[in-house]
1. Could you tell me whether any residue of segment 74-89 is in contact with a helix residue (DSSP H, G or I) (Cβ under 7 Å, 6 or more places away or on another chain) and either at pLDDT 85 or above or not in a helix (DSSP H, G or I) (or both)?
2. From the residues in segment 165-186 that are surrounded by 11 or more Cβ atoms within 10 Å (Cβ to Cβ) and closer than 20 Å to Asn47 by Cβ, which one is farthest from the chain's Cα centre (by Cα)?
3. Among the residues of segment 22-52, which ones are under 24 Å from Gly184 (Cβ atoms) and assigned to a helix (DSSP H, G or I)?
4. Kindly provide the set of residues from segment 117-151 that are surrounded by 15 or more Cβ atoms within 10 Å (Cβ to Cβ) and in contact (Cβ under 8 Å) with a residue 24 or more places away in the chain, ordered by number.
Amino acid sequence: MKVSRVVLAGLIVALAGPVYAQSLAEIAKKEQERRKAVPTATKVYTNDDLKKITLPTDSKEPPAPAGDAAKAEGAPKDGAAKGDAAKADEKAAAQSENDWRTRMATAREDVRRGEMFQQALQSRINGLSADFTSRDDPAQRAQIGDERQKAIAELAQVAKDIEAAKKKIGDIEEEARRANVPPGWIR
């Protein structure tokens, strides 16, 4: 049994001999050569490029977004007015994007603040519990016990508030999905 272990260990050492580690300089040189061989991208796509792309449909006109259908019906047909309408639509879309981002940031901030307050309350409860057990005076213990119970009740309320704030985030995400809001606006 011992002989087979020695033979196995010797075999592993013998096979591991030809294996060697590359130095960092060798790896960096190979990576530099690889990057030179890979062509770099010359076109950067923006949101403006994506707006130019239209999907093939049965009609000759590109499909209008659902929210713009009501605006398009009342819009004048001349070229100057179309340019003004397009600028107004872009401004409304930008404002809409800012509104969505603000709503989502506010909801996330509410969750963050609630969680921070929850952690602070938990630390206070832990300190009060330690203080409660270290006191001998019944009057002091009673006072500390009351403070601890109030903090526990407040902790429960904060936990409910956090859940409500998380539900609000989910509601905003669902509302954005139904309104066909780009996911990047609510990230």
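1. There is at least one residue in segment 74-89 that is in contact with a helix residue (DSSP H, G or I) (Cβ under 7 Å, 6 or more places away or on another chain) and either at pLDDT 85 or above or not in a helix (DSSP H, G or I) (or both).
2. Taking the candidates together, the pick is Ala179.
3. The answer is Asn47, Asp48, Asp49, Leu50, Lys51, Lys52.
4. Phe117, Gln118, Leu121, Arg124, Ile125, Ala151
The values are calculated or read from the model by the stated rules, or taken from the named source; none is laboratory data. This one's a predicted model, so the numbers in the text were calculated from it and none came from an experiment. All Cβ positions, glycine included, derive from the backbone under ideal geometry; neighbour counts span all protein chains shown.
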